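I have placed the structure first, in the form of structure tokens, so that the comments after it can refer back to it.
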Amino acid sequence: MLIIARFFVCVFTMLFCINLTYAQTKSDVLIKQLENTPDKSQYLKILDTLTKELIRHNNPQQVKYLNEYVSLSKALGDYDAAASKSRFIIQQHIFKGDNKKAFTLIDSMLSYKRKFTNPNSEAHLLLKRGGVHYAELDYTSAIKDYKASIPLFLESKDSIYVADAYYFLAGSYSNNGEFVDAVLSFENAYKLYFELKDFDYIFHVGYGLILLYDQNGLEEEAQKKRDELMAISIEKDDCVETGLLHINYATSLLKRDKLSSCYKFMELAREEIEPCPVEDDYYAQGNPLLLENLYCLYHIKLGNLEKAKTYLDKAIFLENKLGHNVYRMKLYFTKAKYYQMIGDFDKALNIALEYKNQISNDNNHNRIEIEKLLGELYRSNNDFKRADKQMQLYTKLKDSIYKASTANSFAYHQARFEAKEKGKKVLELMADNAEASQKHKTLWVLFFSLLGIAITAVFVIWLKSKLVCNRLKTIISHKQTILTEFTSQMLNKNEEQKLLSGGLEQLKKEVEKEEGTVDIKQMESLLSSKILTQDDWKCFKHRFTSMFPDFFIKLKTKNILLTDSETRLLALEHLKLTNDEIAKMLGISTRSVITSRYRLRRKMDIPKGVSVLEYLEL
């Protein structure tokens, strides 16, 4: 077995060396390319690839080239790229604990925020600055920056960073004693991570909520969240999270001295954890340590020192193996409690004081147990003055926590009640809006239906009127043609009459020469008769009336006594005939027409410049 183990160690070492060599080779090639690239834009692209490679392998040269990238990006006017890379430099300052340099770089980059084209450039810088404030224990400033980053991330639709901002904001609210805001921020983060299916952070946020609920006496809410997370872990067949949830609940039961239930869930946790593959999973590695620590505390409560020692030794072995400071902190209190039980008060006191120093900046919930333990240890060492002082501090903390948890619990239930009532009102409002919307839609449908009917009716009426109008135009055009033809016939008839008169005159002369006794009077009577006979007039008047039905009616309404000749003159004038044409029509001379028109105007006293028809409004 030892030979096999050594073989695998050698193989892994070789693979690591090959990977390191490849990484270095690739980085060296990129650095060489930079030396031979005069074009700044191309130089920046190579720098981008190089910095990504150096960051991926945590190469110590990364800060140098990151600073070069930021400077060149700003020189080329790409401030978003500069802001993006500066985040990695800021992170290096935070890792080194150099918060002052981190603040300086963040503020320097934020001075270019008006030149950013993407809102998430400013948002990431605010998120980093919030992290530095958090590390400095300035939770108020951290809250301000985290809150400011959220709308910017929303604007750029970076949902994952919105969730992160809410998560960090919740931690800041929690440490600042703002319980309700912490819960609401955790819940916002939880919903977003759930939508994004980021199950690792779903559990992180879930544990944060469970802790808050437990610390403030909201056991029912804490259990609901555990059950919800348990359902997710079982569905995903995640033994790490299932085991951790059992440990979490068992720890809560132990604090409330429900030892039988605590033991049941510790056993359930062991069933999940033991067959679970550890690999490189941080939580999978830590779960066995947490469980052994919990078993130790359980047996300390029972007073079973031998079993407590067995489990403590297992926990210490795992702590040394893992080397994580977080898990080392978990064992401080357990060690102090164990040494107190076996009577080694000095050792217990030293460990308790070191633990208190480590958590001096934590909230009251984390400090209360160690303050009580210190009071007990001082009393055991007969240091009653310090013991009394310590117990007073413990009592003060306990009262403070009780008041805070009572107030927080009340505020939480009040907020939930208000949210519930608001939800009811919102539902009612939504129902009202839906009903109003339906009515609105109905009215619109009715309106458009009526409008359609009205348009159709107007169209039909317009179409009918158009048809009638076309029919009337056809009739009028036909009658106009008939009247024109009749007028033309009258004029032709007049011409024929003239020719006839001329022929008769010639005949008369010839007859007088030859016979001398022919009855010329009848011929003269024929020649002197009017061309427009009574029958002609009746026929003309009939056709005229069909063309201008209102003319003679209107003429009668004027109450002017007109002769038949004057009526005919007015009718022919209405046809826009000239004096010559009227003369031909009536079989009289043009002079007679002019005289008749003059007499008619004088009879009706018509002023100059106004026609007879205009005067009569015909």
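The values are calculated or read from the model by the stated rules, or taken from the named source; none is laboratory data. Owing to the predicted nature of the structure, the values given are computational and were not obtained by experimental measurement. Here the Cβ positions follow ideal geometry from the backbone for every residue, glycine too, while neighbour counts run over all protein chains shown. When the accessible area is computed, the model is the full protein with side chains, heavy atoms only, and any ligands, DNA or RNA have been set aside. Shrake-Rupley method; radii C 1.70, N 1.55, O 1.52, S 1.80 Å.
Could you tell me what fraction of 2.2 N^0.38 Å the Cα radius of gyration of region 299-392 comes to, as a two-decimal ratio?
1.10
Taking R0 as 35 Å, what FRET efficiency do you get between residue 558 and residue 466 from their Cβ-Cβ distance, rounded to the nearest 0.05?
Rounded to the nearest 0.05, the efficiency is 0.50.
What are the extents of the Cα atoms of region 28-138 along their three principal axes, listed from largest to smallest and rounded to whole Å?
47, 31, 18
Just how many % of Cα pairs in region 27-76 lie over 14 Å apart, if you round to the nearest whole percent?
Here the long-distance tail beyond 14 Å is 46 percent of all Cα pairs in region 27-76.
Provide the per-residue ³J(HN,Hα) series for region 607-614, in order, calculated from phi with Karplus coefficients 6.51, -1.76, 1.60 and θ = phi - 60°, each as a whole number of Hz, with x at glycine and proline positions.
x, 5, x, 10, 6, 4, 5, 4
Percentage of Cα-Cα pair distances in region 81-125 greater than 13 Å, rounded to whole percent? Intermediate results must be reported in sequence, preceding the final value.
Values: 481 of 990 pairs.
More than 13 Å apart: 49 percent of the Cα pairs in region 81-125.
Once you sort the root eigenvalues of the Cα gyration tensor of region 96-166 as a ≥ b ≥ c, which label holds: rounded (a/c under 1.5), prolate (a/b larger than b/c) or oblate (the other case)?
oblate
Keeping all protein chains in the complex and leaving out DNA, RNA and ligands, what accessible area do you get for residue 29 with a 1.4 Å probe, in Å² to the nearest 10?
Approximately 70 Å² for this residue.
Applying the Karplus parametrisation 6.51 cos²θ - 1.76 cosθ + 1.60 with θ = phi - 60° to the phi angles of region 26-35, what ³J(HN,Hα) value in whole Hz is obtained for each residue in order, glycine and proline being reported as x?
Those phi angles translate into 5, 4, 4, 4, 5, 5, 5, 5, 4, 5 Hz.
Which whole-Hz couplings ³J(HN,Hα) result when phi for each residue of region 104-117 is put into the Karplus expression 6.51 cos²θ - 1.76 cosθ + 1.60, θ = phi - 60°, listed in order with x for Gly and Pro?
Along region 104-117, the couplings run 4, 5, 4, 5, 5, 5, 5, 5, 9, 4, 5, 9, 6, 9 Hz.
Rounded, prolate or oblate for region 535-579? Axes are the square roots of the Cα gyration tensor eigenvalues, ordered a ≥ b ≥ c, and the cut-off for rounded is a/c under 1.5.
Note, shape of region 535-579 comes out rounded.
How high is the relative contact order of region 534-618, given as a whole-number percent (alpha carbon pairs under 8 Å, six or more residues apart)? Show your work: numbers first, answer last.
Values: 30 pairs, mean separation 23.7, N = 85.
Across region 534-618, relative contact order equals 28 percent.
How many angstrom lie between the Cα centre of region 70-125 and the Cα centre of region 272-345?
Their Cα centres are 43 Å away from one another.
At a probe radius of 1.4 Å, what is the per-residue accessible area of residue 296, in Å² to the nearest 10?
0
How high is the FRET efficiency between residue 230 and residue 61 when r is their beta carbon distance and R₀ equals 51 Å, given to the nearest 0.05?
With R0 = 51 Å, the Cβ-Cβ based efficiency is 0.65.
Please find the FRET efficiency linking residue 33 to residue 140, where r is the Cβ-Cβ separation and R0 is fixed at 60 Å, and quote it to the nearest 0.05.
0.80
Can you pull the accessible area of residue 51 for me, 1.4 Å probe, Å² to the nearest 10?
We get 0 Å² for residue 51.
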